Structure formats: structure tokens, C-alpha cells
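Scroll down for the structure; my scribbles are underneath it.
Values in this text are rule-based calculations from the coordinates and carry no lab data. Because the structure is a prediction, the values reported are computed rather than measured. Glycine also receives a Cβ, built like all others from the backbone with ideal geometry; neighbour counts cover every protein chain displayed.
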Amino acid sequence: MSEGAVKKEEKPRKFQAIRGTRDLLPPETALWNRVEQAAHAVFGTFGFGEIRLPIFEPTELFAKSIGEETDVVSKEMYTFEAYTDKFVAVFSEMRRILVKEDIGSKNPILRNLQEEFKLESKRGTSLTLRPEATASVCRAYIEHNMQQLPQPVKLYYMGPMFRRERPQKGRYRQFYQIGAEVLGGSDAPAIDAEVIEMVMTFFDRLELQGVQLDINSIGDRNCRPKYVELLRAELLKVKDKLGPDSQRRIETNPLRVLDSKLESEQGIIATLPRIADHLCEDCASHYAAVKHQLEMRGVIYRENWRLVRGLDYYMRTTFEITAQGLGSQNAVCGGGRYDGLVELLGGPPTKGIGFAIGEDRLILSLQESGKGTVTTGRDVYIAWMGERAHATAIRAAKDLRKAGFSVELPPVEQKFGKALGQADKLGAKYALILGDNEVSEGLWTLKTLADGSQVRYTEPDLLEHLRKQRALSS
Ligand code: HAM
């Protein structure tokens, strides 16, 4: 085979992002940054501090917190086996001995190593890419003894999460959440209400459209089990009329049947017993107080008795927020109270409540409603010609950038016509024209691209003019 033929066959593979993952590109990333900056600002005003968490954790952490039977844990996690550090050390020592040293396989050192190797290879560590971050925040709370800090501890986070779901608009396998958790202290209803108020304030700041807050209480260890049994009994009576998913859930998690979107099941669900009628006294008064606290804060809500959430750790308050323009995946935020989760993970008895916003969906909704526009064009495009002008252009770019302007400095000389065309394409506001004349006269030409007007300025006047214009437009 000739060399050319080989090359043809070996045409390099074109890689593409894995299904369910995607690249976020400029100018859209400017909107992501704006949203994240607003989260830092708003959450900061409520006294929350940022926590940055690892992307992977022991599988068991998620299985224990979210629940083995949930969709997330039973079918959506990205889990992989990792060897223990000891396994790697033993393995390399064995190899070193076998390769470098001439000792028989019956040698006791080697035999010992082989035994350890067997033991460690069984041990292994199962790791999972985080499908959510509440479990990790609780793990960190325990690990860093945060119960010794003034309570409650208020933390927020943002970053990628991973779930193997069927990708569609607003649903990805790598998606992004912005979340917050309040851990420790009391379970005062004002805490539930303030957490909800915070997320609503954030959405308000972003001018998110069509925001609808749904709330519910799903009871606690006292009252929920009895309600779940009642629900199960009622569901068994109508089992034949339900779809396969709901039929399965009668056994695994009857509450999730209430979540069903299946058209044929809606009539049946409407007749099922409602948890609000079966809350114990404590849960009922907590729920009433949360509603009162929301009203005191002017937060508009809708009660939704079917809002049960898909993760096992919740108790009492649950809430979900939907927004405009998202189609079937319209939940832009979900959250609730999870007292007892820290304890379940080996920590002290601790109250907890929080939420997570789906950032991808938040961005989509902002874009669909026209609230997602960001200005990303350059402020100044420097059109220069000639060696002396090049040196001046470099200096001008440095000064303008120092003053906070976004500057495009072409790396090679261009004819002015071409340079102005390029400035237009990049959405620049101004073209700074620097030719031999401008440099020798010390008067620089500034062209406003929107109306084509041109004015000549001395260097300090030019900077002053741009500063004034910026102040006027901000
Ligand atoms: P979650 O309801 O599973 O709750 O997720 C919260 C939000 O993340 C959803 O409302 C949605 O906007 C977004 N989301 C979830 N899955 C996807 C996906 N595959 N693609 C795009 N967006 C998605 C939690 O994760 C809890 N940890 C929330 C929480 C915090 N509860 C208490 N504290």
C-alpha cells in the first residue's frame, strides 16, 4: 500500500461532544456569567457563603441520601470503580519484584504481597459523578465539624451535575445547578420562607418571566408512613387502570404516582387521598406557619398537594418553581426540607433545607422571553496602518484596557476599509483610526460605527470622551 493510501484510510476521527453534554459558547456564556454574578450578589445579601465541592464522591453517599429506589440512584448515575491507593501500591511493588529481582514465586515477600493484592482488589472504591449536591454539602458539614460554627450554616454552590436521563430540550446528562442549603439551628418556618424568598428575589433580579411557585408539605416520620400506606391501599384498588410505571411505584414509592404526567391517570389521581388531610399536628402547624411567613414576605405561592419531589431525603416543606418557555421540562428550581439527612450520614441531628436551580433551564427561559440579551461586542476596534502607528496602537490598547474598555487590536496591518468592515462584524462601538497623520499630529480619529460620525481627539480627550459615553449608557 502506498503512503498516500495509508493516509487516506487513517482520516482522523472527528470527535463530538458526548450525547447529553454540550459546549457553552460565547456570546451565550456572557449570559451564564451574568446569571452567576447575580446569584453571588443576591445570595450574599442573605448571608450565604460559597462552597466548592468535588465532582465525584463515594457512590454510597448518594445511594444513602437520595435513596436506592429513586430514578436518580437506580438508573441515572455515572458510576465507576476506582482502585484503592493501597491496591495500586501493592500492584506496583509486586511488578517491581517480579521484573527486577530474581526471586521465586514461593518467596514469602511475594506471597504476602499476593495475599494483600487479592484483598485490596475486592475492596475497590465505587465512585459516582455527583447527580446533585445536597448530599455533598451534608458530607462537608459533617467532615468540617460545621455544627461548631454559629448556626445555621448557610451555603450555596454552582456547577455541573450528571444524570443519565434521556436528553431533550432542557434535559441534559451534564447540566448545571445553582443551589443553596441552610444547615443546623432550628426548623423555624421563617427559615423555609426566607430560603424561598431568596430564590424568588434572584429570579426577580433576572426578570425571569412566568414564574410560578408551588409548595406542599409531605409530612415527617410520624405521619408520612401512615399516609403512604393509605395511598398504597387506594392505589392497589385501581392498579389495573394505571400505567406500568405507576404500577411498579405502588410497591417502590407510591408518592411518586402523584407526580405522574400520564393523561390517562389524571382522573384517578384526582380522587386519591391528599397528604394535607393526613399531616400530624406538628407538621400541619409548621406548614401553616410557612405559608404565613411567605405571605409576610409578599411571596406568591400556589399549594400543590401532588408535589412530592423525586428524592427520598425530603420531609415537610417541598417546593418547585416553573417558568415560561420550557415545554415539558419546566421545573426551573426544586427544593425542600431534609431534617435528619445529616444524621443519616453519620453526623449530629441537624435541620436542613435548600433548593437547586437548573441553570440550563433558567438560561433557556430567559432567552425565550427576550430577557437573555447581553452586550458582548468590543468597545473599540483599533484600525492602524504603518510601523509608527502600530507602536501607538499597542500603547493605546494598553491604556484603554486599563480603563476597562474591551479592545480589539488587529495583529497585522489592514487597509482601513477592511479594518472598519471587521470592526462592524465584531459589533464594535467605535473604531479608533491610527495612521501616520494621526500619530504625527497627536490627534486620533474616533469613528462611531452606529452613525458613521468621526471626531479627532488628543489622547487624554479621547479617553475622557469614552469614559463619559460609558457613564451615560450605563
Ligand atoms: P432536583 O429537583 O433533582 O433537586 O433538581 C433541581 C433542578 O435541577 C430541577 O428543577 C431542574 O431545573 C434541574 N435539573 C435536574 N435534572 C436536570 C437535567 N437532567 N437537565 C437539566 N436540568 C436538570 C435536587 O437536585 C436537589 N438537590 C435540590 C435541593 C437542594 N433540595 C434541597 N436542597
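Pairs K402/K468; K14/K75; K398/K425; K418/K468; K371/K402: which exceed 27 Å Cα-Cα?
Violating the 27 Å Cα-Cα cut-off are K14/K75; K418/K468; K371/K402.
Pairs K154/K351; K64/K241; K169/K261: which exceed 21 Å Cα-Cα?
Beyond 21 Å: K64/K241.
Could you tell me the extents of the range 219-366's C-alpha atoms along the three principal axes, largest first, rounded to whole Å?
43, 39, 32
Remind me, relative contact order of the range 1-144 in percent, using alpha carbon pairs under 8 angstrom and six or more residues apart?
Answer for the range 1-144 is 33 percent.
Compute all pairwise cysteine Cβ distances in the chain, then list the cysteines with no distance under 4.7 Å to another cysteine.
Isolated Cys, the chain: C138, C283, C333.
Compare the Cα positions of V374, A17, T29 along the charge dipole of the chain (+1 at Cβ of Lys, Arg; -1 at Cβ of Asp, Glu; about the Cα centre) and return the one farthest towards the positive end.
It is A17.
Mind giving me the FRET efficiency for T458 and N33? R0 is 45 Å, r the Cβ-Cβ distance, nearest 0.05 is fine.
Values: r = 35 Å, r/R0 = 0.79.
Calculated transfer efficiency: 0.80.
To make sure I understand, if each residue's beta carbon is the centre and we count other beta carbons within 10 Å, what order do W32, W305, W444, W384 fall in, fewest to most?
Fewest-to-most ranking of W32, W305, W444, W384: W305, W32, W444, W384.
Rounded, prolate or oblate for the range 315-474? Axes are the square roots of the Cα gyration tensor eigenvalues, ordered a ≥ b ≥ c, and the cut-off for rounded is a/c under 1.5.
Values: a/c = 3.84, a/b = 2.84, b/c = 1.35.
Prolate, because a/c is 1.5 or more and a/b exceeds b/c.
Could you pull out every whole DSSP H run in the chain that spans at least 18 Å of Cα extent along its own axis and averages -1.0 or higher on the Kyte-Doolittle scale?
Helices meeting the span and hydropathy rule in the chain are 28-45, 85-100, 189-205, 224-237, 281-296, 387-402.
Identify, among F43, L364, N107, the residue whose Cα sits farthest towards the positive end of the charge dipole of the chain, taking +1 on the Cβ of Lys and Arg and -1 on the Cβ of Asp and Glu, with the dipole about the Cα centre.
Comparing the listed Cα positions along the dipole, N107 ranks first.
So if each residue of separation counts as 0.36 nm, and I subtract the Cα-Cα distance between E9 and T373, what length gain in nm does that give? Please list the in-between numbers first.
On the way: separation 364, 0.36 × 364 = 131.04 nm, distance 4.55 nm.
So the chain would gain 126.5 nm between E9 and T373.
For the chain, calculate the relative contact order in percent as a whole number, restricting contacts to Cα pairs under 8 Å that are 6 or more residues apart.
15
Can you list the aspartates and glutamates whose alpha carbon is less than 18 Å from that of K291, not counting same-chain residues fewer than 8 positions off?
Result set, ordered by chain and number: D187, D192, E194, E197, D214, D220, D277, E281, D282, E303, E320.
Let me know the charge dipole size of the range 321-474 about its Cα centre in debye, to the nearest 20, where only the beta-carbon of Lys, Arg (+1) and Asp, Glu (-1) is charged.
Dipole about the Cα centre, nearest 20: 120 debye.
Could you work out [θ]222 nm for the chain from helices alone, using -39500 (n - 2.57) per DSSP H run of at least four and dividing by all its residues? Round to the nearest 500 deg cm²/dmol.
On the way: 18 runs with 202 residues, N = 474.
That comes out to -13000 deg cm²/dmol.
With labels modelled as points extended 7 Å from the Cα through the Cβ direction, what inter-label distance (nm, one decimal) is found for D259 paired with T21?
2.6
Going by Cα centres, the range 124-160 and the range 308-347 are how many Å apart?
16
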